[in-house]
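These notes concern the structure reproduced below.
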Amino acid sequence: MRNIWVIAKRELGSYFSSPVAYVFIVIFLVLCGFFTFMVGNFFARNEASLASFFIWHPWLFLFLVPAAGMRLWSEERRSGSIELLLTMPVTAWQAILGKFLAAWLFLGLALVLTFPIVVTVIYLGAPDIGVIVSGYIGSFLVMGTYLAISSMTSSVTRNQVVSFITSVVVCLFLILAGWPPVTNMVVTWAPAWLVEGVAAFSVIPHFDALQRGVLDLRDLVYSFSVIGFALFTTGVILRSRRA
Amino acid sequence: MIKAQNVVKWFGPTLAVDNVSFEVKRGEVLGFLGPNGAGKSTTMRIITGFIPPSRGRIEIDGHDIEEDGIAAKRLIGYLPENAPAYPEMSVAAFLMFVAEIRGLSGAAKREAVERVIKSCFLERVRHQPIETLSKGYRHRTCFAQSILHDPPVLVMDEPTDGLDPNQKHEVRQLIKSMGQNKAIIVSTHILEEVDAMCNRVIIIDRGRVVFNGGPDELRGRSDVAGAVTVRIRDRKGDEVRSVLGALPQVARVSVLGDGGALVRLFPKGDGAARGAFAAAVSDGLRGKGWAFDELHTESGELEEVFRAITQSDTVDGARKATGGGEAKSAAAA
């Protein structure tokens, strides 16, 4: 545990000792605001809910999370510091988990900084706080899911661009597999069991449930099993590509 | 402390390390020599557990690096090639991180960091981000990292690379003094460093150990080892050659320069005869009544030996690589 924390602390420190973290947070907040108010018509809806805020998150994170996660391992590879890290008395697991948690905490911080919108909606009306909380949990889990995939793709290459693109593609699959416009189209020619089976891999149904305020154990299990699988794969890739 | 047994490493179809075995005890500084691409860095990465060997095993004080990696890695300080670090961190923050991950905390951590900042002359740059440092400072920062926890085993890949002559001297002194109670492996391709810090040398060529012994033994393999060089005043080279070549102990004479004739005399036989060779030559010169400015016994040139044993592209070189005794006579022939 101590090693995980030491690695996470270093990683977080690195985020904030370069301007990248601040730029990222600003872009994140600007885009969240833009989609909520301009595209989502927050005011015209005349509802005391944050639906127009959360609905964009899986799409927004599709680009922002890989941007934050693409350097996780590729940067270590490129600078050679991976050789230092993995010859220290820490297991690969501690290193993978430490770096992942640092990035997830960082993304969580960016998410927390969207609190003015919560204040706004509480000021304007009487929203269901429970739904907002479970909405945030849903967003945070989507972040973690995407981030674990970015960790996996960044362990393959020392090139951050390759890492970014691969991870966007994989995350896009996780969206489209269960996105109603796609599933509705596919269901006209494919058997329903197949469509549902593939859709079960998607983040969308799980995310939607949480947006409705339904905190189901299965949705948590989904997120953590994707995270677990992706981090496990990161470990396998790092092990096999040590050479 | 360090024990490598029949280590083999394949990278796909390429054989990078071919059946390397050696042992380094406490109090030894082992110089790891070899041409570029000979497998030095790969071997060091295997020793430190960064990459697994394809076959064979590494033991650090009895701990297998693959099976008992954490215990083994605790004992090792490692300076990788090109001295990597986290570029955005400051020197002090980076060393603090390494100290923490090495299990130090509180006062012990601060003390260790202060100690290496001092011994590696990093005082002036302690708050600077590593990416803004010159190569020498960056290198010393990584060097500092490797000795931070005072490990009993040190593995250093080109520790003096990129340093200026003063810094090189400092680092060599530091390694030499640490070598008294640690087991150290140092790779280099600067041969004078072998003299400056190592008490044993391994030469590795195309993944194989082609020499394993003391620096003196290595030098002894040189053609010129044991030969006597003299500078004789007011004589012609040819004249000197014919006169001295007639001495019973002299096998052959080569003229290095004319003017004040500079000649090199090679002894016949070896062993005891060689020991008295300089005396015999000087007696011969006195007998002729020739005045000489200089007379010394060559101890052999490392560079020459290095070239001779690592030219393994030839069949001859490959044969030399395997047999110790034969190699000696082959080099002399």
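The values are calculated or read from the model by the stated rules, or taken from the named source; none is laboratory data. In this text the structure is predicted, and so the values were computed from the model without any measurement. In this analysis, Cβ positions are derived from the backbone assuming ideal geometry, glycine residues included, and neighbour counts consider all displayed protein chains.
Here are a few things to note about the model shown:
- Residue tally, condition in a helix (DSSP H, G or I), touching a residue at least 24 places away in the same chain (Cβ under 8 Å) and farther than 19 Å from residue A:221 by Cα, over segment A:119-158: 10
- Qualifying residues in segment B:1-26 (those that are away from chain A (no Cβ under 14 Å) and among the charged types (D, E, K, R)) - the one surrounded by the fewest Cβ atoms within 10 Å (Cβ to Cβ): B:25
- Among residues of segment A:1-52, those that are more than 20 Å from residue A:110 (Cβ to Cβ) and in a helix (DSSP H, G or I), counted: 10
- Test: residue in segment A:67-78 that is more than 11 Å from chain B (Cβ to nearest Cβ) and surrounded by fewer than 16 Cβ atoms within 10 Å (Cβ to Cβ): no
- Any chance residue B:36 is within 23 Å of residue B:308 (Cβ to Cβ), in the same structural domain as residue B:195 (by TED's automatic domain parsing) and modelled with pLDDT under 90: yes
- Residues in segment B:33-58 that are small (Gly, Ala, Ser) and in a loop (DSSP other than H, G, I, E, B) were compared, and the one that is surrounded by the fewest Cβ atoms within 10 Å (Cβ to Cβ) is B:37.
- Condition check for residue B:162: touching a His at 6+ places or on another chain (Cβ under 6 Å), small (Gly, Ala, Ser) and closer than 24 Å to residue B:39 by Cβ: yes
- Failed condition for residue A:91, given (1) within 17 Å of the chain's Cα centre (by Cα); (2) at pLDDT 90 or above: (1)
- Per-region count, segment A:79-103, residues away from chain B (no Cβ under 13 Å) and either within 20 Å of residue B:83 (Cβ to Cβ) or surrounded by 22 or more Cβ atoms within 10 Å (Cβ to Cβ) (or both): 3
- A count restricted to segment A:173-192 and to residues that are touching a helix residue (DSSP H, G or I) at 6+ places or on another chain (Cβ under 6 Å) and closer than 21 Å to residue A:227 by Cα stands at 6.
- Of the residues examined, residue B:29 is not one that is closer than 20 Å to residue B:205 by Cβ, in contact with a helix residue (DSSP H, G or I) (Cβ under 9 Å, 6 or more places away or on another chain), surrounded by 21 or more Cβ atoms within 10 Å (Cβ to Cβ) and aliphatic (A, V, I, L, M).
- Checking each residue in segment B:106-133 for being of a type in the set (Gly, Ala, Ser) and at pLDDT 90 or above picks out B:106, B:107, B:108, B:112.
- Any pair with Cβ under 7 angstrom, 6 or more apart, that starts in segment B:282-303 at a residue that is farther than 12 Å from residue B:230 by Cβ and ends at one that is in a helix (DSSP H, G or I) and aliphatic (A, V, I, L, M): B:302/B:191; B:302/B:194; B:302/B:218; B:303/B:191
- Positions within segment B:187-226 being in contact with a Pro (Cβ under 7 Å, 6 or more places away or on another chain) and either farther than 23 Å from residue B:172 by Cβ or not in a helix (DSSP H, G or I) (or both), in sequence order: B:198, B:201, B:205, B:226
- Residue B:78 vs. criteria more than 25 Å from the chain's Cα centre (by Cα) and either of a type in the set (Phe, Trp, Tyr) or crowded, with 18+ Cβ neighbours inside 10 Å (or both): no
- So residue A:116, is it surrounded by fewer than 18 Cβ atoms within 10 Å (Cβ to Cβ), away from every other protein chain (no Cβ under 14 Å) and assigned to a helix (DSSP H, G or I): yes
- Number of residues in segment B:131-167 that are more than 30 Å from residue B:65 (Cα to Cα) and part of a helix (DSSP H, G or I) equals 8.
- Hits in segment B:33-45 (condition: at the interface with chain A (Cβ under 10 Å from one of its Cβ atoms) and touching a Lys or Arg at 6+ places or on another chain (Cβ under 8 Å)): B:42
- Residue in segment B:1-32 that is nearest to residue B:181 (Cα to Cα), counting only those that are touching a Lys or Arg at 6+ places or on another chain (Cβ under 7 Å) and outside any strand (DSSP E or B): B:26
- Applying a threshold of 7 Å to beta carbon distances and a minimum spacing of six or more residues, or different chains, the list of pairs starting in segment A:11-27 at a residue that is within 12 Å of another protein chain (Cβ to nearest Cβ) and ending at one that is surrounded by fewer than 17 Cβ atoms within 10 Å (Cβ to Cβ) and not in a loop (DSSP other than H, G, I, E, B) reads A:12/A:105.
- Matching helices (runs of 4 or more DSSP H) fully within segment A:189-243 where at least 1 residues are within 14 Å of another protein chain (Cβ to nearest Cβ): A:217-240
- Considering only residues in segment B:59-96 that are touching a residue at least 40 places away in the same chain (Cβ under 8 Å), farther than 17 Å from residue A:88 by Cβ and not in a loop (DSSP other than H, G, I, E, B), the one that is farthest from the other protein chains (Cβ to nearest Cβ) turns out to be B:59.
- For beta carbons closer than 6 Å, sequence separation of 6+ or different chains, a first residue in segment A:193-204 that is farther than 20 Å from residue A:224 by Cβ and a second that is surrounded by fewer than 19 Cβ atoms within 10 Å (Cβ to Cβ), the qualifying pairs are A:195/A:186; A:195/A:187.
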